[in-house]
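Here's the structure, in structure tokens; my notes come after.
The values are calculated or read from the model by the stated rules, or taken from the named source; none is laboratory data. If you're wondering where the values come from, they're calculated on a predicted model, not measured in any experiment. Cβ placement follows ideal geometry from the backbone for every residue including glycine, while neighbour counts extend to all protein chains displayed. These accessible areas exclude ligands, DNA and RNA; they are computed on the full protein's heavy atoms, side chains included. Shrake-Rupley method; radii C 1.70, N 1.55, O 1.52, S 1.80 Å.
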Amino acid sequence: MVTRPEPLDYFLTRRHVGTWAAVRSLIQTCQVRVDGVVCKHYHRTLTADSVVLVDGRVITDSEDAGTLICHKPAGLACSHAPQDAPLIYDAVPEAWRHVNLQSVGRLDRDTTGLLIFTIDGTWAQRIVSPKRARWKRYRIIYSGTLMADAEQQVTKGLLLTGEETPCLPARLLRQNSDENGLRLATLELCEGRHHQVKRMIQALGGKVERLHRDRIGGLELPADLRPGEFRPLSVTEREALLRCE
């Protein structure tokens, strides 16, 4: 039995029947039945009482682990390449590890905080698309002194070294120094250029010493999710993530 409305191919993929390609091949070759009838439609919406069989075997449901939320610790790369180890994907609990799992955007190896994983590439593109202006918030510890008009520079669109197009307007808030004398700031962006936060702070006269992302769209990093922990994204959290805030 299926416990929530969702497309047939997504259900079979997240239940580890196979990769997206393998699942769609099973559907296309008439090896999948829904409520006793052969189904050849990938996006057939399953209802709460649908019974799905693959080659005569009933596919039972479980929690939707097709999309995960993670509190990324420092030291792990958002990469699948073995040469980049240690990898964040190796930290995913075995029960939720899937060949199609990908991070929704990336965080640098030494950057911590909110990171989303999904098996649904189309959905991932909705989150990272610049056209949707989904804001991301970064907490920064930096050394050096930012230029006096740093906030204004960021608001109007900062031009980074080696780039021809200025960054999209962003929001910078400087705060008091921490106990070690390092300076604190919050930077909110709605795009994701390579090493963008570090390059922006450098262009303004500082150097990022520590970087932490704690918000994407309307979704904040849960306070009870400790560094290195993963769990399935809830329906409420998914809706918050999709808000363009």
With charges only on Cβ, +1 for K and R and -1 for D and E, what is the dipole size of segment 170-211 about its Cα centre, in debye, rounded to 20?
180 debye
Given points 7 Å out from each Cα along the Cα-Cβ axis, report the residue 55 to residue 126 separation in nanometres with one decimal.
3.3 nm
Within segment 39-74, the residues whose backbone N lies under 12 Å from a label point placed 7 Å from the Cα of residue 29 along the Cα-to-Cβ direction are 55
Once Lys and Arg get +1 and Asp and Glu get -1 on their Cβ, which of 82, 189, 152 lies farthest toward the positive end of the dipole of the chain?
152
For segment 49-188, just the Cα set please: Rg and Dmax, both in angstrom.
20.2, 69
Counting only C-alpha contacts under 8 Å and six or more residues apart, can you give the relative contact order of the chain as a whole percent?
20 percent
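Can you give me the % of accessible surface on segment 70-109 that is carbon or sulfur? Probe 1.4 Å, all protein chains present, nothing else counted. If you can, show how the numbers build up before the last one.
Working: 1080 of 1990 Å².
That fraction is 54 percent.
Using a Förster distance of 25 Å, how high is the FRET efficiency between residue 110 and residue 239, based on the Cβ-Cβ distance and rounded to 0.05?
Values: r = 31 Å, r/R0 = 1.24.
It comes to 0.20.
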I'd like the FRET efficiency for residue 48 and residue 79, computed as 1/(1 + (r/R0)^6) with the beta carbon distance as r and R0 of 45 Å, rounded to 0.05.
0.75
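Evaluate the Kirkwood expression for the hydrodynamic radius of the chain, namely the inverse of the mean inverse distance over all pairs of different C-alpha atoms, and round to one decimal in Å.
20.0 Å
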Over the chain, average the accessible area per residue using a 1.4 Å probe and give it in Å², no decimals.
51 Å²
Show log10 I(q)/I(0) for segment 124-222 at q = 0.11, 0.13 Å⁻¹, two decimals, from a solvent-free Debye sum over equal Cα scatterers.
-0.31, -0.44
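What per residue convex hull volume, in Å³, comes out for segment 30-84 when only alpha-carbon positions are used? Walk me through the intermediate numbers first.
On the way: hull volume 8.6 nm³, N = 55.
In segment 30-84, the Cα hull volume divided by residue count equals 156 Å³.
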Arrange the peptides 223-229, 134-140 so that the one whose residues have, on average, the most other Cβ atoms within 10 Å appears first.
134-140, 223-229
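Distances over 13 Å make up what percent of all Cα-Cα pairs in segment 4-67? Before the final figure, lay out each step's value.
Numbers: 1137 of 2016 pairs.
Beyond 13 Å sits 56 percent of the P(r) for segment 4-67.
Residue 91 to residue 149: extension gain in nm, 0.36 nm per residue of separation minus the Cα-Cα distance?
Once the chain is fully extended between residue 91 and residue 149, it gains 16.7 nm.
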Taking θ as phi - 60°, what are the ³J(HN,Hα) couplings along segment 120-136 by the Karplus curve (6.51, -1.76, 1.60), each to the nearest whole Hz, with x for Gly and Pro?
9, x, 5, 5, 4, 5, 5, 6, 8, 4, x, 5, 8, 6, 7, 6, 10
Lysine pair number, Cα distance threshold 22 Å (strictly under), the chain, separation 8 or more or different chains:
10
May I ask you to derive the relative contact order of segment 87-164, considering only C-alpha pairs under 8 Å and at least 6 residues apart, and to give it as an integer percent?
19 percent
Taking all protein chains in place and a 1.4 Å probe, what share, in percent, of the accessible surface of segment 119-245 do carbon and sulfur account for?
49 percent
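Quick one: work out the % antiparallel among DSSP beta bridges in the chain, nearest 5.
Values: 43 of 46 bridges.
Of those bridges, close to 95 percent are antiparallel.
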